[in-house]
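The values are calculated or read from the model by the stated rules, or taken from the named source; none is laboratory data. Treat the numbers as computed from the prediction; the structure is a model and nothing was measured. Here the Cβ positions follow ideal geometry from the backbone for every residue, glycine too, while neighbour counts run over all protein chains shown.
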Amino acid sequence: MPDQDAGQSAAVGPLTLVTVMREPLAIAQRFVAWHLAAGFDRVVIYFDDPDDPAIGPLEATGQVQAVRCTPAFWAAIGTSAQERFVKRQINALTHGFRAVTEGWVAVADADELFCATGRPLRAVLADLPPEVRSVRVLPAEVVAVSGQEGSGRARFRTPFEGRGLSAVYGDAAWFVRKSRGMIGHREGKSLTRAGTRIARMRQHFPVRRGWKPLTDRVLGPQDGLVLLHFAAEDYATWRGKLDWRLASNGFRPRVAGRLSDLLSASPDPEAELRELYDRLFRLSPDRFALLGSLGGALELPDTFAEPVRRYFGGAAPAAGAK
């Protein structure tokens, strides 16, 4: 259906993805390759490390625009290299959004992938009425299902309402009780029409004056579009970001308090953290099936290595927490 695809492209315009990045090369390559294969025309990456060794390999695709975040760059957009990362991130995303004059602009972190599960992303966007200025795509977090490694399937948890968390997570349910079953963020990430008047582009969605969110529509798995979140593919990754998330208010106060108590008062905090991680991110087949019956599971083909081979000739990190 070439004519239909051409019509969708004309209606939607170019797709630009903007991110602030400081990640290992393999994660960066998966992020770029996946989104180029999904139909994005350009990926604009603000490298928090201006000498990041990933810059050269990513720019070689011809579709990556690298912005080196030197002290001079930060000063030029009204902040500094010493400012908190979250504030620098918002400034960079806003700068990137405002530089695009046509099409749609998406924002995401390097461990997140926009995934169209049915029709192509452009088809989903082409069906949106003109008055929809910004959409927010709900997240799905990668999990491992014991005994099913190497099955060619990738498994994720999705936000859901209702009871059943204790049956899935046991005595670790406190971690997700107020977050619709999600370990990381439940807000998702946004796609916004270029030229939309906003005050700032925040990490999850644009805001107007007074920091009022601008979200005209929320899309999720039921709409054929989801944000795949690979925040904790292994314990080392999760543990490595834990202290930073605690310091940057990355958890709800009650969860942050319990984690801080565990770190300060437990006779063996690392063993307890590992047990907590396994309970949250490594599910038995029965627990994953129960999660699915509650409306909180998603299963997809594990095709994440294919775009990486296409664009970089290498293999992507395996899907699934471990």
**OP:** Check Ile27, Ile45 and return the single one that is within 30 Å of Arg209 (Cβ to Cβ), touching a residue at least 24 places away in the same chain (Cβ under 8 Å), surrounded by 15 or more Cβ atoms within 10 Å (Cβ to Cβ) and out of contact with any His (no Cβ under 9 Å at 6 or more places or on another chain).
**Re:** Ile45
**OP:** Pull up segment 52-63, narrow it to residues that are more than 11 Å from Gln29 (Cα to Cα) and touching a residue at least 12 places away in the same chain (Cβ under 8 Å), then point me to the one that is surrounded by the fewest Cβ atoms within 10 Å (Cβ to Cβ).
**Re:** Pro53
Subject >> Boolean, Leu291 is assigned to a strand (DSSP E or B) and either surrounded by 12 or more Cβ atoms within 10 Å (Cβ to Cβ) or modelled with pLDDT of 90 or more (or both) >> reply: no
Original post:
Can we say Phe281 is surrounded by 15 or more Cβ atoms within 10 Å (Cβ to Cβ), closer than 14 Å to Gly170 by Cβ and within 18 Å of the chain's Cα centre (by Cα)?
Top reply: yes
Subject >> Which numbered condition Val142 fails, given (1) surrounded by 16 or more Cβ atoms within 10 Å (Cβ to Cβ); (2) over 23 Å from the mean Cα position of the chain (by Cα); (3) under 30 Å from Thr16 (Cα atoms) >> reply: (2)
**OP:** Pick out the one residue from Ala60, Ala37, Ala72 that is at pLDDT 95 or above, within 20 Å of the chain's Cα centre (by Cα) and among the hydrophobic types (A, V, I, L, M, F, W, C).
**Re:** Ala37
Subject >> Those helices (runs of 4 or more DSSP H) lying entirely in segment 165-284 with at least 1 residues in contact with a Pro (Cβ under 8 Å, 6 or more places away or on another chain) >> reply: 253-265
**OP:** Scan (1) closer than 30 Å to Gly296 by Cβ; (2) in contact with a helix residue (DSSP H, G or I) (Cβ under 7 Å, 6 or more places away or on another chain); (3) in a helix (DSSP H, G or I) for the single condition Phe114 breaks and write down its number.
**Re:** (3)
**OP:** Considering each of Ala38, Ala76, Ala26 in turn, give the residue that is among the small types (Gly, Ala, Ser) and either more than 23 Å from Thr303 (Cα to Cα) or in contact with a Gly (Cβ under 7 Å, 6 or more places away or on another chain) (or both).
**Re:** Ala76
**OP:** Return the residue satisfying two criteria in turn: it lies in segment 234-264 and is closer than 21 Å to Phe85 by Cβ, in contact (Cβ under 8 Å) with a residue 40 or more places away in the chain and surrounded by 15 or more Cβ atoms within 10 Å (Cβ to Cβ), and of such residues it is farthest from the chain's Cα centre (by Cα).
**Re:** Val255
Original post:
Among the residues of segment 6-20, which ones are closer than 13 Å to Trp104 by Cα and modelled with pLDDT of 60 or more?
Top reply: Ala11, Val12, Gly13, Pro14, Leu15, Thr16, Leu17, Val18
Original post:
under 19 Å from the mean Cα position of the chain (by Cα) and either over 22 Å from Val43 (Cα atoms) or in a loop (DSSP other than H, G, I, E, B) (or both): does that describe Ala92?
Top reply: no
Subject >> Selection within segment 128-157 - more than 23 Å from Thr101 (Cβ to Cβ), modelled with pLDDT of 95 or more and in a loop (DSSP other than H, G, I, E, B) >> reply: Leu138
**OP:** Taking the options Val218, Val226, name whichever one is surrounded by 18 or more Cβ atoms within 10 Å (Cβ to Cβ) and within 20 Å of Glu141 (Cβ to Cβ).
**Re:** Val226
